[in-house]
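The values are calculated or read from the model by the stated rules, or taken from the named source; none is laboratory data. Since the model is a prediction, treat every value here as computed from it, not as a measurement. Reconstructed Cβ throughout: ideal geometry from the backbone, glycine too, with neighbour counts over all protein chains shown.
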Amino acid sequence: MAELKAELKVVEGSYAVAHAVKTCHPDVIAAYPITPQTHIAENLSQFNADGELGNCEYITVESEFSALSTLIGASATGARTYASTASQGLALMHEALFNAAGMRLPIVMTVANRALSAPLSIWNDQQDSIAQRDAGWIQLYAEDPQEAADMTPQAYKISEDRDVMTPAMICLDGFILTHVYEPVALLEEELTDEFLPPFNPEHILDPKNPETFGAFADPSIYTEFRYMQELGMREALKKIDPVAEEFREIYGRYYGGLLDEYRLDDAEIVLVAMGSIIGTIKDVIDEVRRDGIKAGLLKIRSFRPFPLDAVRKALKNAGIIVTLDKNISIGKCEGALCTEIKAALYNTKLDTPVVGYMLGHGGRDIPKEIIKKIIDEAKKSMKDGITIESTYADLKEEFV
Amino acid sequence: MRLCIGGIVEPGTTLANKTGGWRSFKPEYHYERCTKCGLCELLCPESCVTRGDEGYYEIDYDYCKGCGICAHECPTGTIEMVLEVK
């Protein structure tokens, strides 16, 4: 992390996010409380009750489907909009997610990542947001509360760019990041005002100049609308790095743009992951490096748009690549990062083995020992060849 | 033609989509039985029944999909659904 200009305050992760949202001056917030996102909605509701959100309309809705549908209408009128949700709530939004993206409405939403039912689990993994991969939303993954807070104005700036006009999810691990108390530099309103211009879309719903959003498209034009969404994502891909740089200039903090690297330059064993697990991995890398194991980390910050070229470049010198996933595609027995990283390397000259590990599902703790074990196995595989493509790292086989 | 992102269009563009082409049965009036009660106009889900000059009702075949609700609900059997011939 770059030098901090701001004063640090010990707050809960959810407060840091809600506070960051406040400095972005949203015009309409609609959120339905769901564990572990509740504190974000509560804090914003409190700000609203205390008159700290200005003219913001905080709409209490009866479901997540209504929350996002409300914001679709609000965003189309030119309002800056915000939602937060998790797990079943995000699943309930599924249909509306595609509408928001298809109508090119730059809604920003924090997802407090949580496992999906059944069986019922309120604890963290990333199955919920990964399951919405193809909804057409930008997906950014934060490592800690500070990053999740700082991503908020960045997400607005990227999403609301006229060449992008694509909604964004900021994903942070539920409980691990939403409920942790740690020192955070709360975003200064003056700096956000300097960093984030007002939302000024080209088209708005206006009775004086009526327009229809998301109109009917027959087979002769549907493909082109979908392709234009892809073009919007490509523009986002170009803008995530410069926006992170602009953020660094104004606030003095930086976490990488599309991705970040840790001790990657000479790394033979490269771990690829996203979210709160990054901190644990960094600690383990420091430890194994003291034993002479050249391990490094590639942190994916932007999962959609997927930074294909940057990933290929970052992985070109790896001896073995290990992906760590808090999600599974059942029936493929691998997580999304594993699939994406393997696909990224195909059609290149690289023939680097990729091993996928899934762990930390449904809130299971990820102790350093597991990461160490994974690195040890990778070291062996690098010498003797891989024996598995993808597996659970923390499965209790005696229960099955 | 350039498309606008988000499927954003000017109002009234659906007028160009003549949904009458979907029809396989066509409602036809036998006005000698008609009491001008107006149920057909009231119940048409496409609002394509309108009242004409003499109080008799007419159908806009550009948008009538041939659902048959008007014929089904007509209390005097004025409306007959006949096979669309093209």
- [ ] Would you please name the residue that is nearest to the other protein chains (Cβ to nearest Cβ), looking only at residues in segment A:194-234 that are under 22 Å from A:Glu147 (Cα atoms) and either modelled with pLDDT under 95 or in a helix (DSSP H, G or I) (or both)?
- [x] A:Met233
Task: In segment A:381-400, the residues that are in a helix (DSSP H, G or I), out of contact with any Ser or Thr (no Cβ under 9 Å at 6 or more places or on another chain) and farther than 27 Å from A:Ile130 by Cα - done: A:Met382, A:Lys383, A:Asp384, A:Glu398
Open item on the list: Within segment A:165-184, does at least one residue satisfy the condition of being more than 24 Å from A:Lys9 (Cβ to Cβ), within 14 Å of chain B (Cβ to nearest Cβ) and surrounded by fewer than 14 Cβ atoms within 10 Å (Cβ to Cβ)?
Closed with: no
Task: Matching residues, segment A:349-373, being part of a helix (DSSP H, G or I) and either more than 21 Å from A:Asn124 (Cα to Cα) or without any contact (Cβ under 8 Å) to a residue 12 or more places away in the chain (or both) - done: A:Glu369, A:Lys372, A:Lys373
Task: Residue check, A:Met274 modelled with pLDDT of 95 or more, within 11 Å of another protein chain (Cβ to nearest Cβ) and closer than 30 Å to A:Val21 by Cβ - done: no
Task: Matching residues, segment A:301-319, being touching a residue at least 60 places away in the same chain (Cβ under 8 Å) and touching a helix residue (DSSP H, G or I) at 6+ places or on another chain (Cβ under 7 Å) - done: A:Ser302, A:Arg304, A:Pro305, A:Pro307, A:Gly319
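Run down A:Ala236, A:Ala215, A:Ala185 and say which single residue is small (Gly, Ala, Ser) and farther than 27 Å from B:Met1 by Cα.
It is A:Ala185.
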Open item on the list: Condition (residue is in contact with a Leu (Cβ under 8 Å, 6 or more places away or on another chain), in the same structural domain as A:Ala100 (by TED's automatic domain parsing) and closer than 25 Å to A:Phe303 by Cβ) applied to segment A:172-184: is it met by at least one residue?
Closed with: yes
Open item on the list: Looking at segment A:329-348, can you tell me whether even one residue there is part of a strand (DSSP E or B) and outside the structural domain of A:Lys238 (by TED's automatic domain parsing)?
Closed with: yes
TODO: Would you list the strands (runs of 3 or more DSSP E) that sit entirely within segment A:26-125 and hold 1 or more residues that are crowded, with 24+ Cβ neighbours inside 10 Å and away from every other protein chain (no Cβ under 14 Å)?
DONE: A:28-30, A:81-85, A:108-113
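For B:Thr19, state whether it is within 14 Å of another protein chain (Cβ to nearest Cβ), polar (S, T, N, Q) and either touching a residue at least 24 places away in the same chain (Cβ under 8 Å) or surrounded by 17 or more Cβ atoms within 10 Å (Cβ to Cβ) (or both). Lay out the reasoning, then the answer.
Values: within 14 Å of another protein chain (Cβ to nearest Cβ): yes; polar (S, T, N, Q): yes; either touching a residue at least 24 places away in the same chain (Cβ under 8 Å) or surrounded by 17 or more Cβ atoms within 10 Å (Cβ to Cβ) (or both): yes.
So B:Thr19 fits the description; yes.
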Task: segment A:175-193: number of residues that are within 12 Å of A:Pro145 (Cβ to Cβ) and not hydrophobic (A, V, I, L, M, F, W, C) - done: 5
Open item on the list: If I ask for residues that are outside any strand (DSSP E or B) and acidic (Asp, Glu), which ones from segment A:147-193 would you list?
Closed with: A:Glu147, A:Asp150, A:Glu160, A:Asp161, A:Asp163, A:Glu188, A:Glu189, A:Glu190, A:Asp193
Task: Lone unmet requirement of (1) under 30 Å from A:Thr212 (Cα atoms); (2) touching a residue at least 60 places away in the same chain (Cβ under 8 Å) for B:Glu84 - done: (1)
Open item on the list: What's the total number of residues in segment A:220-249 that are among the β-branched types (Val, Ile, Thr) and surrounded by 18 or more Cβ atoms within 10 Å (Cβ to Cβ)?
Closed with: 2
